[in-house]
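Visitor: Structure below; questions to follow.
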Amino acid sequence: MAEHPRKRRPRRRGVWILLPLVLLSAVYGWWDNTTLQVTRFDPAFTDLPAGFDGCRIVVLSDLHGARFGEGNADLFAAVAAEEPDYIFYLGDLEDKYRGPVAGYPAEVAEGLSAIAPTYYVTGNHEWAIGGVPALKKELEAHGVSVLSNQFVTLERNGDTAVLAGIDDPNGYADQKTPEQLAAELYAACGDPFWMLLAHRNDHFAGQYSLLGADLVISGHGHGGIIRLPFTDGLLSTDRTLFPSYTAGLYEENGSTLFATRGLGNSGPSFRLFNRPEVAVVTLHQG
């Protein structure tokens with residue numbers, strides 16, 4: 001009996017099914033890492049001065065040299081649309097793996113300070129790149145107030161609050177500690193409502209929450225890089241699993257933390273289910 005040749009199964013069908021999925025995943029990945037998301041938060045504080053009720057603060061962090069639109073025009077437009085009273089920038093303006101880009105700090109400083117008074121503290125990448133004193137001078141020359149282990153008084157509607165800012169722990173070994181700064185603040189201002197700008201979210205529970213600040217504002221965590229349901233992110237920036245304090249509001253030791261997911265990526269890293277964030281924090285008496 002003659003054998004019939006076996007029919008060949010079409011192998012290209014699987015390729016044509018797989019290819020659109022790959023393309024869709026690539027498009028989603030690009031969109032997820034390059035399109036801004038505005039998120040809004042409304043913490044309430046019993047001791048907030050009445051003049052600061054409704055104060056709108058745009059919180060930004062961790063650009064890592066990214067641009068949203070030509071010259072960051074899309075970022076500036078998104079911030080301006082929120083009509084903030086203040087802009088707080090929490091460090092990692094540029095990325096140690098890519099290095100500094102000429103004119104980039106001035107571009108960001110001019111764009112933000114033209115919208116509202118802008119305050120800045122350093123992150124770990126500024127110190128890894130080096131040249132921090134020159135960077136601070138450049139930012140200040142283009143309208144940004146740099147807080148280097150110091151505090152200032154903010155005024156709004158006839159009331160005052162205190163804003164403090166600390167350099168990243170990667171800074172000078174003999175720099176003023178957060179505890180020393182808090183002691184100086186209390187000695188000079190009594191017991192005010194005060195906010196602390198501090199880059200590292202993961203120092204909140206064990207250190208920053210113990211300083212007495214009403215509100216600590218941080219970045220650094222990149223939202224846990226990959227955000228999955230029922231988690232606070234999959235990875236910390238030092239690659240430990242399931243970190244906390246990475247996005248949104250938290251409370252410890254009578255202090256509130258707001259952590260922004262940030263805007264950019266460090267080195268070859270990427271975001272997943274975690275779009276670049278322009279965070280708007282509106283203060284309320286409550």
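Visitor: Got the relative contact order for the chain handy, in percent, Cα pairs under 8 Å and 6 or more residues apart?
Guide: 26 percent
Visitor: Between the alpha-carbon centers of the stretch 145-164 and the stretch 166-223, tell me the distance in whole angstrom.
Guide: Answer, in whole Å: 14.
Visitor: Also, quick follow-up: Restricting to lysine pairs 8 or more places apart or on different chains, what number in the chain have Cα atoms under 29 Å apart?
Guide: 5
Visitor: Have a look at LEU163, TYR28, VAL58 and report the one farthest towards the positive end of the charge dipole of the chain, computed about the Cα centre with Cβ charges (Lys/Arg +1, Asp/Glu -1).
Guide: My answer, from the dipole projection, is TYR28.
Visitor: Next up: Treating only the Cα positions of the chain as identical point scatterers, give the base-10 log of I(q)/I(0) from the Debye formula at each q in 0.07, 0.15 Å⁻¹.
Guide: -0.29, -1.14
Visitor: What do you reckon, how do VAL278, VAL38 stack up by accessible area (1.4 Å probe), largest on top?
Guide: Largest accessible area first, the list is VAL38, VAL278.
Visitor: In debye, nearest 20: dipole of the stretch 169-286 around its Cα centre with unit charges on the Cβ of K, R (+) and D, E (-)?
Guide: Its charge dipole is roughly 600 debye.
Visitor: Another question, then. Specify whether the C-alpha gyration tensor of the stretch 148-273 places it in the rounded, prolate or oblate class, a ≥ b ≥ c being the square roots of the eigenvalues: rounded for a/c under 1.5, otherwise prolate if a/b is larger than b/c and oblate if not.
Guide: It is prolate, given that a/c is not under 1.5 and a/b is the larger ratio.
Visitor: May I pose another question? Rounded to a whole number, what % of the accessible area of the stretch 133-254 do carbon and sulfur atoms account for, probe 1.4 Å?
Guide: Taking all protein chains in place, the stretch 133-254 shows 52 percent carbon and sulfur surface.
Visitor: Accessible area per residue of the chain at 1.4 Å probe, in Å²?
Guide: 49 Å²
The values are calculated or read from the model by the stated rules, or taken from the named source; none is laboratory data. None of the values given here were measured: they were computed from a predicted structure. Methodologically, a virtual Cβ is constructed for each residue, glycine included, from the backbone with ideal geometry; neighbour enumeration extends over all protein chains shown. Areas reflect the complete protein model, heavy atoms only, side chains present, ligands, DNA and RNA absent. Shrake-Rupley method; radii C 1.70, N 1.55, O 1.52, S 1.80 Å.
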